[in-house]
Every structure is written in C-alpha cells, then in structure tokens.
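First comes the structure, then the notes that go with it.
The values are calculated or read from the model by the stated rules, or taken from the named source; none is laboratory data. Please read these numbers as outputs of a predicted model, since none were measured by experiment. Here the Cβ positions follow ideal geometry from the backbone for every residue, glycine too, while neighbour counts run over all protein chains shown.
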C-alpha cells in the first residue's frame, strides 16, 4: 500500500456554488515521518459540491472525508461524492501529475523579470498567524476580512508580512507587502501589474514602492510579488494636489496610463512629503494624450472624495451585523446575496428567516445562482449601497 501524508487545506476556490471546486493544500515535501521541514502545494478538484452537503467548501476541509493523501510527486487529486454517501462529503478517487493550466485553469502570472523569487509556501506560516490572530473563535472566519492597510487596497489577496530573512537589508524595513492570486482566472492581473513595475523600476524607480521579488507556486508558476512597505504612508488629500500631479505626470512620461479608477489611496504620501504611486492593476501603455490628459484633469475631484474608500474600509465594524453573519452560517452556508451586499455596502438587509428561506431555495436549485437571480434579489431586498440594516423583526436599525 502506498504511503500517505497528512495535509492542511490552505484555501479553496469556487466562483459560485454551482462551479468547479479547487482546494489548495500543502503536504510535507517528502514522505510520512520524514523530518524534512519543507512543504509543497497540491490541488484537489471536484465539479461541484456533493449532494446532501451541509455547508460549502472552506479552508477547514469540512467537506473532505479524509485527512491524509498519498505521498509522491502528483499535483492534482480528483474528488468524487459516492452515491451511497449519507454524509455529503468528498472522497479522493485518484491522483495524477497534470498540466494544471489545462486541467484546472491555473495560469502563470509571468514572465519573471526580477532575479529574486520567494515561494508562497514559505510565506504561509506568517499568513496563518495573521489569520488566526484576527479570529475570536471558530465561527469568525465567515466574517469578511477587509484589507485595511493602504498598500493592500484593490488587490484580491494582499497582506503585510515580515520581511523574509534572506531579503533583509539596511534599506528595507521589517515588513513587506505580499500580493498574490493563485486561483484560476487571476494570473493576467498579476502579470500586467508586474510588467508595469518592471518599466517603472528600470526607468523611474523612485515614483513607486520597490518591487522586491516574484511570488511563486512550488517554485515555478508566478502568482504574485513582494513590494517594499512604505512606513507611515497616508492617502492623499486636496492639499497634495500639485505633488500628486507631478507623480502622475512622471508615470505618463513613461508612456503608461494609470488606468482606472484613480483613488486617494492610489497615492502614498510619505512621512517626508514625497508622493508615490501604487496599485497598477489597471494600468496600460499608451501614447494617447487625450487619455493621459483626462487622468490629470480629474485628479482634483479624486482627491476631494469624502469619505475615501480607505476610510470606509476602516470604519467601525457593526457588531450586530457580525452576530447576524454567525447566525446565517448556521443555516448551512452564507447566501451569495449576503456576500454581494457586504462587498458593496458592508450592510445586509436580510432577516434571519429570509436568509433561511433563500438558502433553502438555493439548495432546491442545486446551488445554482445566476445573474438573473441576483437581480431579482436586489429588487426584493434592496441593492443600494445605502440600504439600512434590517433587524430580526424586519425593522430598520440604522
């Protein structure tokens, strides 16, 4: 019998409840019982949740009926739900060495242009520590964790991390910014932003945080990058207009439009007064003076925005809403409409009973949720960013 090794579920991806599932797990780099400290990433996939499942796939692996996987050099495991399974859980049917791009859509965010690379698996322990430090109990992971650090804004996954030991220098602070996106469909954004940083670093490195390293998956696939953290930086305001214009003009001089949209937190105002640009996920190369001119002309209005997006994200958390999200989780899953409302306004208009009914309807429809369903939910429960939170009896609470 082949040896097996324990694993940890690092993350799980599922765009909608009826789409394929992809677990990202980490296992010891060598066989069971080996003292080698290294770890590698493996993937598990299934076409959709098992019938009769209670809940949705999450990083705890509650829908997995096993706690060990075969040792060896495979990179993709196929999950199935046996017809006679009363538990509604996955079993591991097979493993293989696959071309992950073809098999599950995991693309490369390269090309790599920086000499230094850091594997994401080497950053996972500080990431885990950060995640656990923000959880009061086992139920808290369902409450969205907004990226409130100014340099983490506008990224799918970003965090403030300790500077890797091999990267520490006298000119680099104790922390760096990690930006990554391992799931299918997100490699292009990483590649585009990395390309813009390559131009800036070669021709005008002082106008943006330093690009420090590519982040890889198992030492090969590029999935992100590390940036210099600018200590004590603040977002720009109306008083910084002229300096922001100068910095944006330097980007334009490289033949690059910032893209859209510019925000106050797009500009990092440093302790000494210098202004840097950040967040080039929408940037593109162009010589169109009209496009570049519109960005400069609209800058004054951007800096006058009140409150800014950063201020909204850092607003106090509604404890009543947090309690309600925990209650919603007890219904088996948190409905996609709740996540949509949270992303748009950090408010929810559903009562617990309404949420229970919507989850039952979703299950009866084989967990299929379409754009038409979303539009009907907006009509029924409110889609405005300014909707009121509704109490348990249906009365507005503020």
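With segment 153-269 as the region, which strands (runs of 3 or more DSSP E) entirely inside it contain at least 3 residues that are touching a residue at least 40 places away in the same chain (Cβ under 8 Å) and touching a strand residue (DSSP E or B) at 6+ places or on another chain (Cβ under 7 Å)?
157-162, 175-180, 211-217, 221-228
Of the residues 254, 248, 262, only one is within 22 Å of residue 206 (Cβ to Cβ) and surrounded by fewer than 20 Cβ atoms within 10 Å (Cβ to Cβ); which? Working first, answer last.
Details: 248 fails: surrounded by fewer than 20 Cβ atoms within 10 Å (Cβ to Cβ); 262 fails: surrounded by fewer than 20 Cβ atoms within 10 Å (Cβ to Cβ).
On inspection, the qualifying residue turns out to be 254.
Could you list all residues from segment 9-28 that are over 19 Å from the mean Cα position of the chain (by Cα) and modelled with pLDDT of 80 or more?
Matches in segment 9-28: 27, 28.
The conditions are (1) out of contact with any helix residue (DSSP H, G or I) (no Cβ under 7 Å at 6 or more places or on another chain); (2) on the phi < 0 side of the Ramachandran plot; (3) surrounded by fewer than 16 Cβ atoms within 10 Å (Cβ to Cβ); (4) at pLDDT below 90, and residue 327 fails exactly one of them. Which is it?
Of everything listed in (1) out of contact with any helix residue (DSSP H, G or I) (no Cβ under 7 Å at 6 or more places or on another chain); (2) on the phi < 0 side of the Ramachandran plot; (3) surrounded by fewer than 16 Cβ atoms within 10 Å (Cβ to Cβ); (4) at pLDDT below 90, residue 327 misses just condition (1).
Within segment 270-293, can you find the residues that are surrounded by 13 or more Cβ atoms within 10 Å (Cβ to Cβ) and not in a loop (DSSP other than H, G, I, E, B)?
Passing the criteria: 275, 276, 277, 284, 291, 292.
Does segment 43-65 contain at least one residue that is over 30 Å from residue 359 (Cα atoms), at pLDDT 90 or above and within 25 Å of the chain's Cα centre (by Cα)? Give the derivation first.
Of segment 43-65, the ones over 30 Å from residue 359 (Cα atoms) are none.
For segment 43-65, residues over 30 Å from residue 359 (Cα atoms), at pLDDT 90 or above and within 25 Å of the chain's Cα centre (by Cα): absent.
For segment 379-398: of the residues being crowded, with 17+ Cβ neighbours inside 10 Å and outside any loop (DSSP other than H, G, I, E, B), which is modelled with the highest pLDDT?
Going through the qualifying residues, I end up with 381.
Could you please let me know if residue 261 is in the same structural domain as residue 124 (by TED's automatic domain parsing) and within 26 Å of residue 312 (Cα to Cα)?
No, not satisfied.
Filter segment 98-126 for residues that are in a helix (DSSP H, G or I) and without any contact (Cβ under 8 Å) to a residue 40 or more places away in the chain; which is farthest from residue 178 (Cα to Cα)?
Just the residues of segment 98-126 that are in a helix (DSSP H, G or I), to begin with: 100-104, 120-126.
Those still in the list that are without any contact (Cβ under 8 Å) to a residue 40 or more places away in the chain too: 101-102, 125-126.
Working: 101: 23, 102: 27, 125: 13, 126: 11 Å.
Ranking the qualifying residues of segment 98-126, first place goes to 102.
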